[in-house]
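K.L.:
There's a structure below that I have some questions on.
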Amino acid sequence: MKLPSFRRSPVADMKVIIEPSSFEPYSLLRDYQATLPSGKHGAAVSFVDTMRDINESMDVTSMFLEHYPGMTETQIEQVCEEAMDKWPIQDILVAHRCGELKPDDPIVLVAVWSVHRSEAFDACRYVINYLKQRAPFWKREDTEEGQRWVEKNTKDQNASE
């Protein structure tokens, strides 16, 4: 994947990428962090989600993530703005795959920069929980029994809090 240019959102200090091709989350994180002002953040918290080969006790050979271009990015930017309103965050990066994925492929990267770790952890958790529960992505899994659409993205009962 050719890394996108890191243009800041006009609304806040954040970048949201929805990408149909595979990305290397740690390279993306390193390259994005290099664009941030030096010495301003004391904490960087990141979360990387990868595709697993099992879900609900069934082997999964591949997955297809569908989204509504434009709407999905706007909604993710809005949840990043909510996180920035709740905590003193300096920057947020969200990269999310769409299209066809195989086991071990990175699905999502969420990274948050702030002065202190507590706020960075809280904001990162807030954004990833939104992505897992309510973001406008539709997931179809290919299993040994055929294709199926997944209705729930997470079993974390406290994710929405």
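The values are calculated or read from the model by the stated rules, or taken from the named source; none is laboratory data. Because the structure is predicted, anything quoted here is derived from the model rather than measured. Cβ: placed from backbone, ideal geometry, glycine included. Neighbour counts: every protein chain shown.
K.L.:
Taking Asp53, is it touching a residue at least 24 places away in the same chain (Cβ under 8 Å), out of contact with any helix residue (DSSP H, G or I) (no Cβ under 7 Å at 6 or more places or on another chain), surrounded by fewer than 17 Cβ atoms within 10 Å (Cβ to Cβ) and within 24 Å of Glu73 (Cα to Cα)?
P.N.:
It is false that Asp53 is touching a residue at least 24 places away in the same chain (Cβ under 8 Å), out of contact with any helix residue (DSSP H, G or I) (no Cβ under 7 Å at 6 or more places or on another chain), surrounded by fewer than 17 Cβ atoms within 10 Å (Cβ to Cβ) and within 24 Å of Glu73 (Cα to Cα).
K.L.:
When you look at Ala135, is it modelled with pLDDT under 95 and surrounded by 15 or more Cβ atoms within 10 Å (Cβ to Cβ), yes or no?
P.N.:
yes
K.L.:
Which of the following residues is modelled with pLDDT under 90, of a type outside the set (Asp, Glu), out of contact with any His (no Cβ under 7 Å at 6 or more places or on another chain) and exposed (fewer than 13 other Cβ atoms within 10 Å of the Cβ): Asn153, Asn158?
P.N.:
Just one listed residue meets the conditions, Asn158.
K.L.:
Check whether at least one residue in region 39-49 is of a type in the set (Phe, Trp, Tyr) and modelled with pLDDT of 95 or more, and report yes or no.
P.N.:
Yes; the residues of region 39-49 include at least one that is of a type in the set (Phe, Trp, Tyr) and modelled with pLDDT of 95 or more.
K.L.:
If I go through region 48-78 residue by residue, how many of them are in a helix (DSSP H, G or I) and either in contact with an Asp or Glu (Cβ under 7 Å, 6 or more places away or on another chain) or closer than 22 Å to Ser27 by Cβ (or both)?
P.N.:
Total meeting the criteria: 2.
K.L.:
Residues of region 69-106 being surrounded by fewer than 18 Cβ atoms within 10 Å (Cβ to Cβ), under 14 Å from the mean Cα position of the chain (by Cα) and farther than 17 Å from Lys15 by Cα, which ones?
P.N.:
Scanning region 69-106 gives a single hit, Asp105.
K.L.:
Within region 107-128, identify whether any single residue is surrounded by fewer than 20 Cβ atoms within 10 Å (Cβ to Cβ), farther than 20 Å from Gly42 by Cβ and of a type outside the set (Val, Ile, Thr), and answer yes or no.
P.N.:
no
K.L.:
Find the residue count for region 92-112, including only residues that are out of contact with any Lys or Arg (no Cβ under 8 Å at 6 or more places or on another chain) and over 12 Å from Ile128 (Cα atoms).
P.N.:
7
K.L.:
In region 115-146, how many residues are farther than 18 Å from Glu82 by Cβ and of a type in the set (Asp, Glu)?
P.N.:
Total satisfying the criteria: 4.
K.L.:
Another one. Are any residues in region 143-155 part of a strand (DSSP E or B) and hydroxyl-bearing (Ser, Thr, Tyr), and if so, which ones?
P.N.:
Across region 143-155, the qualifying residue is only Thr143.
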